[in-house]
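Step one of this worksheet: look at the structure below.
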Amino acid sequence: LSNGPVLAAAAAAPVVLTPDQAHKLLEDGEGVLKQGNPELAIKDYFEPVNQSFMHETAKAGANDEIYASHGASETAAYTSKVAKQNEGAKTPTQLVIVDGTWTDALVMKARALILLQRVPQARAALDMATTISPAYPTSWLVLASTYDTEKNWDKALATYKTAENFAGAIDDKTQQGQVLGAALRGQAVALTELGRLDEAAALYKRCLRVNAADTAATEGLAHIAALGGPPVPASAP
């Protein structure tokens, strides 16, 4: 994927925000979203951050690949990806790293669009988020949730699995555990709906190994037992 030219072609010419301004807009926009005004959150808070980054990266060249990173592990993943692409390449790809706030803005925008029941537009935002931050699991989690709402369990399962695969790219161990748990529970729900109860139970047990206090996993095991699947273990697995 050479994402630089694609992103540059869509760039507008908005006010370019400083990192502090971008973070503040997202923080305030999240508050507006919680107050029940997703339209305003998108228009005045999330989209300005997106457009600022679009403008910042508009000068990307044909051989540039732009990634938005949230930390050292994620940056290492993109550095490795581009290095592999450049092995034996006549024209090497140039890696461009920007702040992960860009992806955060797109994910927040998608969440607001989901609240507005504009799922196709939410997916468009998430497609961009997973293009610029493919190793950032939160984008995949939100994308998977859109398939949940449509009961498209096969796509939900695959997308939650992608989120699981990238959980290790989060540097903060507490957050990493939370994301991993969400990805495993999402897969377990999809597997339960697909009638694959033994596999679902195994994933809920993995959740409890990550976090013994995961009540959603305990409830999931009880639900599976009620459906005729494996019984709830007497103690944490």
What residue, of Ala22, Ala72, Ala62, Ala89, is on the phi < 0 side of the Ramachandran plot, within 22 Å of the chain's Cα centre (by Cα) and either modelled with pLDDT under 95 or open to solvent by less than 50 Å² (accessible area, probe 1.4 Å) (or both)? Ala22
Hits in segment 104-127 - residues which are within 10 Å of Val142 (Cβ to Cβ) and of a type in the set (D, E, K, R): Arg111, Arg123
Considering only segment 191-237, how many residues are open to solvent by 60 Å² or more (accessible area, probe 1.4 Å), of a type outside the set (Lys, Arg) and free of Cβ contacts under 8 Å to residues at least 24 places away in the same chain? 10
With the condition kept exactly as written, say whether any residue in segment 112-122 is basic (Lys, Arg) and farther than 20 Å from Ser52 by Cα. yes
Scanning segment 75-84 for residues that are of a type outside the set (Gly, Ala, Ser) and more than 20 Å from the chain's Cα centre (by Cα) gives Val82, Lys84
Of the residues in segment 86-119, those that are part of a helix (DSSP H, G or I) and free of Cβ contacts under 8 Å to residues at least 12 places away in the same chain come to Asn86
Would you mind telling me which numbered condition in (1) of a type outside the set (A, V, I, L, M); (2) farther than 14 Å from Trp140 by Cβ; (3) buried (at least 16 other Cβ atoms within 10 Å of the Cβ); (4) at pLDDT 95 or above Gly186 fails? (2)
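The values are calculated or read from the model by the stated rules, or taken from the named source; none is laboratory data. For clarity, every value in this text was computed on a predicted model and none was experimentally measured. Glycine also receives a Cβ, built like all others from the backbone with ideal geometry; neighbour counts cover every protein chain displayed. Heavy atoms of the whole protein, side chains included, go into the accessibility calculation; ligands, DNA and RNA do not. Shrake-Rupley method; radii C 1.70, N 1.55, O 1.52, S 1.80 Å.
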